[in-house]
Amino acid sequence: MRASKGKDDEETFWLNDEKILTYEACRFVPPPNECPDTVYNSWSGFLVEKYTATEEDNHLLDTHVLPFIKEIICNNYQPAAIYLINWLAQLFQYPGAKTRTAIVLLGEEGVGKSKFTHLIEYMLGIGLHYRTTDLQNDCFGRFSNIAENRVMAFFEELEPKKVNAFYNKLMDLITSMSSRCEQKGIGHAFNISDFLRVIITTNAEHNLLRIRSKDRKFQYISASNARQNDAEYFGKLSDIIKRPGVQRAFYDYLM
């Protein structure tokens, strides 16, 4: 009888393997960027790519999700709907090509802003996004690193005083192609490529940001209050957008 190899023997065999797969570095390199063969790419794709859509899912997209986006989120304003759909399409088609513009969703509480951002969140998958109401600690603190390994940040229900306190840093977050990261215990900071997009939701209709002439960093979209606090409508919509197949149908629509 042949004796089985012990754990130490297996580790030695693996370490001595001339064909062992090795990398010189680990980086986050979403497409269309190309990752060198010597670098391990931590990008693993969108969660929604693992799903399939049925005929029913496509029907629900056409009858519920798209009307919600166009009629409620964009308040039946076609230019806003076209811009938002194209902005999302760019995210999923070219995650590694930063748009350098932010979406600002305006609307009173209960009009559906969070339902829209949750749909995008589900499609991205855990790890590719960050959601917060605290800019100071979660975004601009010393060890925040919000852009590391992410393509989306959701800033929820921001108020003018919170935004204006970090105006310049927010502008840099939206437009910068690189970010400086510092991790506890490392002892030094390092630069990473920045692919982060930003969606801001707020009920502050006026003076949220100091918009300057010719400023193209923000696209304001005012939501309709036609379904405000409509528990039956949003309850059904919530069930629909949680369906993986509907998420995939929307992904295919954007592609």
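Taking 4 °C and 1.567 mPa s as the conditions, I'd like the Stokes-Einstein D for the chain in µm²/s, using the Kirkwood hydrodynamic radius from alpha carbon pairs. In µm²/s, the coefficient is 64.
In the structure shown, the pairs LYS162/LYS236; LYS50/LYS242; LYS162/LYS217; LYS70/LYS236 are assessed against 26 Å; a Cα-Cα span above that value is assigned to LYS162/LYS236. Think of the chain as a dipole: +1 on every Lys or Arg Cβ, -1 on every Asp or Glu Cβ, centred on the Cα centre; then among ASN58, CYS35, LEU15, CYS35 lies furthest on the positive end.
A Förster radius of 45 Å combined with the Cβ-Cβ distance from GLU109 to VAL39 puts the calculated FRET efficiency at roughly 0.50.
Using Cβ contacts closer than 10 Å as the measure, can you line up CYS26, CYS139, CYS74, CYS35 from fewest to most? Don't skip to the answer; put the middle values down first.
Working: CYS26 10, CYS139 20, CYS74 23, CYS35 16.
Taking fewest neighbouring Cβ atoms as first place, the list is CYS26, CYS35, CYS139, CYS74.
Legend: ranking of residues THR63, THR132 from fewest to most surrounding C-beta atoms inside 10 Å; resulting order THR63, THR132. Evaluated with a Cβ-only charge set (Lys, Arg +1; Asp, Glu -1), the chain carries a dipole of roughly 820 debye about its Cα centre, given to the nearest 20.
For VAL104, the amide hydrogen comes within under 5 Å of the amide hydrogens of ILE200, GLN219, TYR220, ILE221, counting only partners 5 or more places away or on other chains and with H modelled in the peptide plane.
Values quoted throughout were computed directly from the atomic coordinates according to the rules given, and no laboratory measurement underlies them. None of the values given here were measured: they were computed from a predicted structure. Every residue, glycine among them, receives a Cβ derived from its backbone with ideal geometry; neighbour counts consider all protein chains shown.
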